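**Student:** Structure below; questions to follow.
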Amino acid sequence: MPKITSAKVIVTCPGRNFVTLKIETDEGVYGLGDATLNGRELSVASYLTDHVIPCLIGRDAHRIEDIWQYLYKGAYWRRGPVTMSAIAAVDTALWDIKGKIAGLPVYQLLGGASREGVMVYGHANGTTIEDTIETAKVYKDEGYKAIRIQCGVPGLPSTYGVSKDRYFYEPADADLPTENVWSTEKYLRVVPELFKAAREALGWDVHLLHDIHHRLTPIEAGRLGKDLEQYRPFWLEDATPAENQEAFRLIRQHTTTPLAVGEIFNSIWDAKDLIQNQLIDYIRATVVHAGGISHLRKIANLADLYQVRTGCHGATDLSPVCMAAALHFDLSVPNFGVQEYMRHTPETDAVFPHAYTFDRGMMHPGDKPGLGVEIDEELAAQYEYKRAFLPVNRLEDGTMYNW
């Protein structure tokens, strides 16, 4: 058996912070796992270093499920984003090791490919509707079959999802949280106009997605979904905060627009009621925040019973290690829907050389053994951690609100 002999946490900031776990075995094989929790990175790094790594030494690296159960049930304090991100890093690294020892890409260990490639969606945004449409045209010309569209809201100084760069967007932008201003009324007026302009400019052969980012009440989300039905959105994402999962039942009563949720979910229990009551159409849980490949497969299996498809979160707060793991997962599961894809900076790609590829709106994890991702530790060491918080939101009257 390959015995775990050492493990360490690597924190680096090539444009944004990433936390990576490296597990080594007595056979000289190592695996990588992403442990990045945006805005709370060091909490996971500490959890791994202080509470997880000492428990890994001497264990059989092939016993992935047993180690997962040990870290989950053995902690007593179950679930939560910190615990589950740490478990995810271990789980992902062990799948990487297993693939390397077997001489197979991870997707082959998960049952093999269920499709030729993975459809991904890009992010088109702009300060105006016109700017967003022009960017969306560029994405369409690059072969994207699915495009998320976001635009600025007139009367608001800034809007979620709108960046200064066509390809790169990093919301964790300051040493202390940036305070943004929000108006639901102004937002609800502009989104239908955005979709109308997008359909007129892009036609009907491209999927259009939109992220509400937890900003609406259920009845407001139902109203927006109904307003957008004529433009056939692929989905509305995070329409309302999901702590009260019954809220999605109210949205369902008012619109047939597909609903996606789950990027902040960290276990199957967060998604169970939404899935089994068919209150959503896409589950957006991701490898790094939902307990790794092993646990995400369980979520996907449950979703498959209810014809709910996957649509994993894939913003830049997922390192290339997690992006690779997501693509292996996406390629293998039968109920795949779409994968979010935000390009990393050249600096990040240099720190994390990878085998996965993009071509005309599709991605593939590659066929290197394991995940197909490496880390240049010397280069990573040149980029020191920089504290960066996600923003917060206030209504125009100063009331704290959902970001």
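**Student:** Taking the simple approach of a point 7 Å from Cα along Cα-to-Cβ for both I219 and A381, what is their distance in nm?
**Tutor:** A separation of 6.1 nm, rounded to one decimal place.
**Student:** Tell me, what ³J(HN,Hα) does each residue in the range 30-38 have, in order and in whole Hz, if you take phi through Karplus 6.51 cos²θ - 1.76 cosθ + 1.60 with θ = phi - 60° and put x for Gly and Pro?
**Tutor:** Each residue of the range 30-38 in turn: 10, x, 10, x, 7, 10, 6, 10, 4 Hz.
**Student:** What lysines sit close enough to K196 to cross-link, taking a C-alpha to C-alpha distance under 23 Å and skipping anything fewer than 8 places away on the same chain?
**Tutor:** Qualifying lysines at Cα under 23 Å: K137, K140, K145, K186, K226.
**Student:** Just rank C13, C151, C55, C312, fewest to most, by other beta-carbon atoms within 10 angstrom.
**Tutor:** Details: C13 19, C151 26, C55 16, C312 33.
Taking fewest neighbouring Cβ atoms as first place, the list is C55, C13, C151, C312.
**Student:** Stretch V138-E243 to full length: gain in nm at 0.36 nm per residue minus the Cα-Cα span?
**Tutor:** Numbers: separation 105, 0.36 × 105 = 37.80 nm, distance 3.68 nm.
Additional length available on full extension: 34.1 nm.
**Student:** Sort out for me the Cα centre separation of the range 123-149 from the range 255-319, rounded to whole Å.
**Tutor:** Comparing the Cα centres of the range 123-149 and the range 255-319, I get a distance of 25 Å.
**Student:** Just need the relative contact order of the range 109-367 here, percent rounded to a whole number, with Cα pairs under 8 Å and 6+ apart.
**Tutor:** Values: 491 pairs, mean separation 54.2, N = 259.
For the range 109-367, the relative contact order is 21 percent.
**Student:** Fewest first, what order do H51, H213 take by the number of other Cβ atoms within 10 Å? Provide the component values of the computation, followed by the final result.
**Tutor:** Working: H51 13, H213 19.
In order of increasing Cβ crowding within 10 Å: H51, H213.
**Student:** If I fit a long axis through the Cα atoms of helix 184-202 and take the longest principal axis of the Cα atoms of the chain, what angle between them do I get, 0 to 90°, rounded to 10?
**Tutor:** 90
**Student:** Does a label point 7 Å from the Cα of K196, set along Cα-to-beta-carbon, have any residues of the range 205-231 with amide nitrogen under 16 Å, and which are they?
**Tutor:** Counting only backbone N, you get 224-231.
**Student:** If you don't mind, there's one more thing I want to ask. Only counting other Cβ atoms within 10 Å, I'd like L371, L110, L21, L331 sorted with the fewest neighbours first.
**Tutor:** Values: L371 34, L110 19, L21 28, L331 25.
Result, fewest neighbours first: L110, L331, L21, L371.
**Student:** Kindly express, to the nearest 10 degrees and within the range 0 to 90, the angle between helix 320-332's C-alpha long axis and the longest C-alpha principal axis of the chain.
**Tutor:** Taking Cα atoms only, the helix is inclined about 80 degrees.
**Student:** Of all DSSP beta bridges located in the range 109-367, what percent are antiparallel, nearest 5? If you can, show how the numbers build up before the last one.
**Tutor:** Working: 5 of 26 bridges.
Of the beta bridges lying entirely in the range 109-367, close to 20 percent run antiparallel.
**Student:** Something else now. Nearest 10 degrees, 0 to 90: what angle lies between the long axis of helix 64-73 and the longest principal axis of the chain (Cα atoms)?
**Tutor:** Between helix and principal axis, roughly 70 degrees.
**Student:** Now a separate question. Whole angstrom only: what separates the Cα centroid of the range 333-399 from the Cα centroid of the range 16-81?
**Tutor:** 19
**Student:** Calculated FRET efficiency, H51 and T5, Cβ-Cβ r, R0 22 Å, to nearest 0.05? Intermediate results must be reported in sequence, preceding the final value.
**Tutor:** Numbers: r = 19 Å, r/R0 = 0.86.
Approximately 0.70, to the nearest 0.05.
Since every read-out is calculated from the coordinates, none of them should be taken as a lab result. Because the structure is predicted, anything quoted here is derived from the model rather than measured. Note: ideal-geometry Cβ built from the backbone for every residue, glycine included; neighbour counts use all protein chains shown.
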